[in-house]
Amino acid sequence: MSESLRINKSFPIRLEDVELEGKLVVPEKAIGLVIFSHGSGSSHHSPRNNFVAVLLQQKGLATLLFDQLTEEEAHNAENRLNIDLLTMRLINVTKWIQQQAETKHLPIVYFGASTGAASALRTAAFLGDEIKAVVSQGGRPDMALQDLTMVSAPTLLIVGGLDVEVIKQNEKAYQKLNCTRNLEIIPNASHLFEEAGKLQEVAHITSNWFKENLVQEKIGGHV
């Protein structure tokens, strides 16, 4: 059963050096905020990420999708793979959303897709226990290999069973992680999980991971 939505708005995120487009949805009685870190060339309009976001909202999770690059920056292919730049943007947007009245009470988790998983994990390493969990979907956590030992947030790596090379990259990253972690391979799914029902499966596994870790955090008295 869907939660009723308390907030559903698109708006500019004004940082010190740049303005980025974002979309925030907060259900009633939200238990946490999922910040999405998109893959290269994607934006907050990504149909796949929006699909996952709606399913997470139905499970009582708030979602923030935003463009990590301006429209002008996105035209430069190098920027789309600049993990340093994307990580800095995610850090700054996380700090910004933590100051907003409607979201400052919500614990934060990250959902990273494709190369966006690398910036999500690097940001989680930088922010430490401010980030309560991370999910990488078809991600490239190997692009953050040097930072993975510093990630303390429980991390779930989801990969399609047909995505052979990315499975290898995720296995390498999994060995580097020192936190609570799991590698979930979804049978008969390709890199983008376009097969019938596979993206729903991703959303289901993701929401369970976030909810389990947010509940543990609350029990521990940290929320």
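The values are calculated or read from the model by the stated rules, or taken from the named source; none is laboratory data. Remember, it's a predicted structure, so these values are computed and weren't measured experimentally. Here the Cβ is made from the backbone with ideal geometry for all residues, glycine too, and neighbour counts use every protein chain on show. The area values use the complete protein model at the heavy-atom level, side chains included, leaving out ligands, DNA and RNA. Shrake-Rupley method; radii C 1.70, N 1.55, O 1.52, S 1.80 Å.
Worth pointing out:
- Elements of type strands (runs of 3 or more DSSP E) contained in segment 62-173, each with 1 or more residues being open to solvent by 20 Å² or more (accessible area, probe 1.4 Å): 131-137
- Candidates Leu162, Leu121, filtered to the one that is modelled with pLDDT of 95 or more and either β-branched (Val, Ile, Thr) or touching a Leu at 6+ places or on another chain (Cβ under 9 Å) (or both): Leu121
- Residue in segment 180-199 that is under 30 Å from Asp129 (Cβ atoms) and small (Gly, Ala, Ser) present: no
- Test: residue in segment 7-28 that is touching a His at 6+ places or on another chain (Cβ under 8 Å) and either buried (at least 18 other Cβ atoms within 10 Å of the Cβ) or under 23 Å from Leu199 (Cα atoms) (or both): yes
- Out of Ala196, Ala153, Ala144, Ala189, one residue alone is within 27 Å of Val93 (Cα to Cα) and out of contact with any Cys (no Cβ under 7 Å at 6 or more places or on another chain). It is Ala144.
- Boolean, Phe111 is in contact with a Ser or Thr (Cβ under 7 Å, 6 or more places away or on another chain), modelled with pLDDT of 95 or more and either among the aromatic types (Phe, Trp, Tyr) or within 28 Å of Pro27 (Cα to Cα) (or both): yes
- Qualifying positions in segment 174-183 - of a type in the set (S, T, N, Q) and either surrounded by 13 or more Cβ atoms within 10 Å (Cβ to Cβ) or assigned to a loop (DSSP other than H, G, I, E, B) (or both): Asn178, Thr180, Asn182
- Of all residues in segment 184-220, those being closer than 14 Å to Phe51 by Cβ and either part of a helix (DSSP H, G or I) or open to solvent by 80 Å² or more (accessible area, probe 1.4 Å) (or both) number 11.
- Breaking point among (1) modelled with pLDDT of 95 or more; (2) in contact with a Phe, Trp or Tyr (Cβ under 6 Å, 6 or more places away or on another chain), for His44: (1)
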